[in-house]
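Visitor: Take this structure first; my questions come after.
The values are calculated or read from the model by the stated rules, or taken from the named source; none is laboratory data. Here the structure is a predicted model, which is why all the values come from computation and not from measurement. In this analysis, Cβ positions are derived from the backbone assuming ideal geometry, glycine residues included, and neighbour counts consider all displayed protein chains. Calculation scope for accessible area: heavy atoms of the full protein, side chains included, ligands and nucleic acids excluded. Shrake-Rupley method; radii C 1.70, N 1.55, O 1.52, S 1.80 Å.
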Amino acid sequence: MSSKNIVNKSILLVVILNIFITAIYLLFNDHKSLLITPEKYVYSVATDQALGGRSLASVHSENNSTTMSCELNSSENYRWPYCELTIRLSDDIKNGLDLSQYNSVILDVDYNGPESGNQKVRINLRNFEEDIFNPDDDNTIKYNGIEYAPGQHQGPRIVGFDKFQVLTWWLFDYNIDLEHSGVKLNNVPFIQIATDSGSEPGRYKVTIHKIMFIGHYIRRSTFAFILLFTWVIGAIALFIYQRTSARVEIEQMEERTKSLAAMNQKLSLRCNEIEEMAIKDELTGAVNRHGIKDWLDNIARRVRWGLDSVSIIYADLDNFKVINDQFGHQVGDEILRQFVDLTRSELRDSDNLVRWGGEEFIIFCSGSNIHVATRIAERIRTTIENHQWEMIGKLTCSFGVTELVAGERVTEMIARADEALYQAKNNGRNRVETLAKLITSPR
């Protein structure tokens, strides 16, 4: 049997094996799930009475649903009334359920409370971790939580585990180090569903129709590794055979290896080009929204932990539509490229210029407060106004500036900067407006 036939049959065997494994995966790797019910797990309620409050709560189950009835009452001894439903998943808090094998949770919850207030509930998956647990304080069991407004009769909602985060107050109160600050769900002894800290006094009902954790029997990453493993085993077997073949076949193998290496290099270069195109705006060369996402997530965490600061400058070219209509889109495109070049000349190495859309750009200034960002914006505004635009004569730009406040989302900061930009437009254009978020103390 010739070496070529052996190679062809080996590749065919690996392909058939991959097809077989893929078919088995698609046929039998259905979603696995864990349904949380009062028949299997213990449901109980607690209120702020343990802390000096006067709130009342009760729980009852009927027709596969469980309802927590809550009466939040103000108290001079405790200013943040709450009611809390605890679902105990284990009799021993040190040996909870391993939920890391799932990736999402289905929540079907109805909320009925006063029309005023934030209409939200808190869902906490408490994870026991030996290194940070204090037997004298159950609050040292990690808080992995989300906060959302379930509404009434909205039906099930699928929430990915990537939406959960370790609560900021818990990290600071217990001085948790970086190693233990991430979400972990491998040992969850109980689930807690509570009224939000901003809920007003009154009567509430939180009805749980369904809590179900879902995932795959085999994760996609594991399945990919299995496929890769079959190819590696096939390659090793083929390599052993060829090493025992005649010298001519060895030389042919070396030629094929060189050819594959060259092809891989070309593919690698092409992948790098595609990756660059994915994060850069093709017209101006500025970073696009996708390219800044990971940086924004990281800086937002640092601001939330008090380790950094960031301000943004929302810029919009004045009357750009008139330029496009009067001089054409080619001139408009050239104006955008020149605008990016001029703006970059006024920025620091730590600043990030992002094309947000059309003639709108956002500059993210890390390590800067709103006053520093305002000075940068004014410098750019002056540069744009004084530049000699050969094709159109004169161009101006309006700016909205704000700063990210610890605890708020990046989208809130961007919306506030957009509002400041709107004020700049309304106040005559070619100006810088700032809008800082008002910070109020908790009640």
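Visitor: How far apart, in nm, are the 7 Å Cα→Cβ label points at His153 and Arg348?
Guide: 5.6
Visitor: State, to one decimal in nm, how far the label point of His209 lies from the label point of Leu34, with both points 7 Å from Cα in the Cβ direction.
Guide: Going by the 7 Å Cα→Cβ label model, 2.4 nm.
Visitor: Amide H neighbours of Leu89 under 5 Å, counting only residues 5+ apart in sequence or on other chains, H built in-plane at 1.01 Å?
Guide: Phe190, Ile191
Visitor: Might you work out the accessible area of Met391 for me, using a 1.4 Å probe with all protein chains in place, and round it to the nearest 10 Å²?
Guide: Accessible area, nearest 10 Å²: 80 Å².
Visitor: With unit charges on the beta carbons (Lys and Arg positive, Asp and Glu negative) and the dipole taken about the Cα centre of region 88-170, which residue among Ser90, Phe161, Ser100 sits farthest to the positive side?
Guide: Phe161
Visitor: Name the helices (complete DSSP H segments) of the chain with a Cα length along the long axis of 27 Å or more and a Kyte-Doolittle mean of at least 1.6, or state none.
Guide: 3-28
Visitor: On to the next question. Could you pull out every residue, at least 5 positions away or on a different chain, whose amide H is within less than 5 Å of the one on Ile132? Hs are placed 1.01 Å off N in the peptide plane, and Pro or chain starts have none.
Guide: none
Visitor: Still on this structure, I have one more. What FRET efficiency comes out for the pair Thr383/Asn175, r = Cβ-Cβ distance, R0 = 35 Å, nearest 0.05?
Guide: Rounded to the nearest 0.05, the efficiency is 0.15.
Visitor: In terms of modelled amide H atoms, which long-range or inter-chain residues lie less than 5 Å from the amide H of Val183?
Guide: Val166
Visitor: May I ask which of Lys280/Lys394; Lys32/Lys163; Lys163/Lys425; Lys184/Lys205; Lys258/Lys280; Lys394/Lys437 have a Cα-Cα span longer than 26 Å here?
Guide: Lys280/Lys394; Lys163/Lys425; Lys184/Lys205; Lys258/Lys280; Lys394/Lys437
Visitor: What order, most packed first, do the peptides 194-201, 92-99, 224-231 have when packing is the mean number of other Cβ atoms within 10 Å of each residue?
Guide: Ranked by mean Cβ neighbours within 10 Å, highest first: 194-201, 92-99, 224-231.
Visitor: I've got another one for you. Can you send over the carbon and sulfur percentage of the accessible area for the chain, probe radius 1.4 Å, protein chains only?
Guide: About 52 percent, which is the carbon plus sulfur part of the accessible surface.
Visitor: Counting only heavy atoms of the protein chains, get the accessible area per residue of region 49-89 (1.4 Å probe) and round it to a whole Å² value.
Guide: 55
Visitor: Consider the candidate values (i) 140; (ii) 240; (iii) 174; state which one is volume of the Cα convex hull per residue in Å³ computed from the structure displayed.
Guide: Identified label for the calculated read-out: (ii).
Visitor: A follow-up question, please. Under a Cβ-only charge scheme (Lys and Arg +1, Asp and Glu -1), can you give me the dipole magnitude of the chain about the Cα centre, in debye to the nearest 20?
Guide: Magnitude of the dipole: close to 960 debye.
Visitor: Then there's this: Separation of region 45-106 and region 308-351 by C-alpha centroid, Å?
Guide: If you average the Cα positions of each part, the centres end up 52 Å apart.
Visitor: Additional query: Where Lys and Arg each count +1 and Asp and Glu each count -1, what net charge lies around Leu72 among other residues with Cβ under 11 Å from its Cβ?
Guide: -2
Visitor: Hey, what's the Kirkwood Rh for region 284-394 if you take every pair of different alpha carbons, in angstrom?
Guide: Its Kirkwood hydrodynamic radius stands at 14.9 Å.
Visitor: Further question: Add -39500 (n - 2.57) for each DSSP H run of 4 or more in the chain, then divide by its residues: what number comes out at 222 nm, to the nearest 500 deg cm²/dmol?
Guide: For the chain, the value works out to -12500 deg cm²/dmol.
Visitor: Let a ≥ b ≥ c be the square roots of the eigenvalues of the Cα gyration tensor of region 162-223; is it rounded (a/c under 1.5), or, if not, prolate (a/b larger than b/c) or oblate?
Guide: Oblate is the answer for region 162-223, as a/c is 1.5 or above yet b/c matches or exceeds a/b.
Visitor: Taking a probe of 1.4 Å, how large is the accessible area per residue of region 155-213, in Å²?
Guide: Here the residues of region 155-213 average 50 Å² of exposed surface.
Visitor: Is the shape of region 70-223 rounded, prolate or oblate, going by the alpha carbon gyration tensor and its root eigenvalues a ≥ b ≥ c, with a/c under 1.5 for rounded and a/b larger than b/c for prolate?
Guide: Cα axes put region 70-223 in the oblate bin.
Visitor: Where does the charge balance sit around Arg54 when Lys and Arg score +1, Asp and Glu -1, over other residues with C-beta under 13 Å from its C-beta?
Guide: So the surrounding residues net to -2.
Visitor: Using the charge dipole of the chain (Lys, Arg: +1 at Cβ; Asp, Glu: -1 at Cβ; taken about the Cα centre), state which of Ile233, Tyr174, Gln49 has its Cα farthest towards the positive end.
Guide: Ile233
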